[in-house]
Amino acid sequence: MLVNGTWTEDWQPVQKADAKGRFLRQVSSFRNWITPDGSAGPTGNAGFPAEPGRYRLYVALICPWASRTLIARKLKGLDALIPVTVVNPVLGDRGWEFGGYDGADDDPLFGARHIHELYTRADPRFTGRATVPVLWDMKRNVLVNNESADILRMFDTAFERRAPSDLRLYPRDLAPEIDALNAEIYETLNNGVYKAGFAGTQEAYDEAVDGVFATLDRLEARLTGDYLFGDRLTETDIRTFVTLIRFDAAYHGIFKTNRRQIADYPRLSAYMLRILSLPGMRETVNMDHITRGYYAIKALNPTRIRPTGPKHVMDALGMAA
């Protein structure tokens, strides 16, 4: 963790909890937006126009939040406009590292060894956790945004003049419904699995795992069409998919959310595979990075031994279990 721009302690999975042992997630700090003309977005400052090759996206393939942005980049056809750098899947004592693992990249801009070095470049007095994703402006050499929900939405519209698309992930007519369902899914499922895995008390764990499976049950009942809003793919599907694809391989074991697997939900299983089959989606999922990263969390798995399955997930990805 950084305190006033200085690394102060080894990385720990839980930096903050409430009085009942509930895991609390850090709020993102950099909230500028890329817009078509560089005007200010919903938060932050102006000055970030949608220019090809100007921005770089830093991600970890283990991370569901970062994977949201990778998926939006892929579905919106932004591959050629926004280059990507992938960090090592294992969180070391100084947080996310560059290189040193198959499929992980060195930092092409500054030769940094750790993501936290980008944060102190952006703000020499930064205090907090150095998280991914990071959206970096290579022209101004500043950190634009580190909130995946923001990046997901800016990728949906900011580059429309450069890469026109018929797909709208956050359509105006569904916006209130999307916002409401996003909030429910985030609190009890996306972040709910982390609340279960990093719970400091039995009470906190029980509360979290109840929420996880209550939400999965509701989503299973809701899925009467191809997607959560009928036949329209939206950002809510992306936000749900990144948790589902990791669930049976990682959260079921390492986070102890083991009442059921996604494989036990027929509609959710078919839905997950339907999204996985969309053009380019498999390129955003790296199960080697996912299992390597989660099962390397020393606080939860001191031996760092990781499972080789489950077979149904590996089969879906075309991998040997």
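Got a sec to turn the phi values of segment 38-46 into Karplus ³J(HN,Hα) couplings, 6.51 cos²θ - 1.76 cosθ + 1.60 with θ = phi - 60°, whole Hz, x for Gly and Pro?
Values, residue by residue: x, 5, 5, x, x, 9, x, 10, 6 Hz.
Give me the percent relative contact order of the chain, please, defined on Cα pairs under 8 angstrom at least 6 residues apart.
Here the relative contact order equals 20 percent.
Apply the Karplus curve 6.51 cos²θ - 1.76 cosθ + 1.60, θ = phi - 60°, to the phi angles in segment 300-317 and return the couplings in whole Hz, x for Gly and Pro.
Per residue, the Karplus-derived 3J(HN,Hα) values read 9, 8, x, 7, 6, 6, 10, x, 9, x, x, 4, 5, 6, 4, 4, 4, 8 Hz.
Could you compute the net charge surrounding GLU51? Neighbours are other residues with a C-beta less than 13 Å from the C-beta of GLU51; K and R count +1, D and E count -1.
+4
Add -39500 (n - 2.57) for each DSSP H run of 4 or more in the chain, then divide by its residues: what number comes out at 222 nm, to the nearest 500 deg cm²/dmol?
Taking each H run of at least 4 residues, the total per residue is -9500 deg cm²/dmol.
Looking at GLY230, THR43, GLY111, which one has the Cα that reaches farthest to the positive end of the dipole of the chain (charges on Cβ: Lys, Arg +1; Asp, Glu -1)?
Final value for the positive-end residue is GLY111.
With Rg/Rh (Cα atoms, Kirkwood Rh) as the read-out, I listed (i) 0.94; (ii) 1.00; (iii) 1.03; which label goes with the value calculated from this structure?
Read-out from the structure maps to (i).
Sort LEU189, LEU167 by heavy-atom solvent-accessible area, probe 1.4 angstrom, most to least.
The residues order as LEU167, LEU189, largest area first.
Using the beta-carbon distance between LEU317 and ASP123 and R0 = 22 Å, what value does 1/(1 + (r/R0)^6) give for FRET efficiency, to the nearest 0.05?
Efficiency computed from Cβ-Cβ geometry: 0.05.
Using packing as a proxy for protection, rank 160-166, 143-149, 274-280 so that the peptide with the highest average count of other Cβ atoms within 10 Å comes first.
With the highest mean Cβ count within 10 Å placed first, the list reads 143-149, 274-280, 160-166.
Modelling each spin label as a point 7 Å along the Cα-to-Cβ direction, I'd like the LYS298/ASP106 distance in nm, to one decimal.
2.7
What does the net charge come to around MET138 if you take all other residues with beta carbon closer than 14 Å to its beta carbon, with K and R at +1 and D and E at -1?
Once all neighbours under 14 Å are counted, the net charge is +2.
Could you check what % of the DSSP bridge pairs in the chain are antiparallel, to the nearest 5?
80
State log₁₀ I(q)/I(0) for segment 131-280 at q = 0.12, 0.16 Å⁻¹ as given by the Debye formula over alpha-carbon point scatterers of equal weight, solvent excluded.
The computed values of log10 I(q)/I(0) come out as -0.58, -0.96.
Would you mind checking the pairs LYS195/LYS298; LYS256/LYS311; LYS74/LYS139; LYS76/LYS256 and listing those with alpha carbons more than 26 angstrom apart?
LYS76/LYS256
For the pair SER277/LYS139, report the inter-label distance in nm, with labels modelled 7 Å from Cα in the Cβ direction.
Here the modelled spin labels are 4.1 nm apart.
The values are calculated or read from the model by the stated rules, or taken from the named source; none is laboratory data. Predicted model only: the values in this text are computed from it and were never measured. With ideal geometry, Cβ positions are generated from the backbone for all residues, glycine too; neighbour counts draw on all protein chains shown. SASA here: full protein model, heavy atoms, side chains in, ligands and nucleic acids out. Shrake-Rupley method; radii C 1.70, N 1.55, O 1.52, S 1.80 Å.
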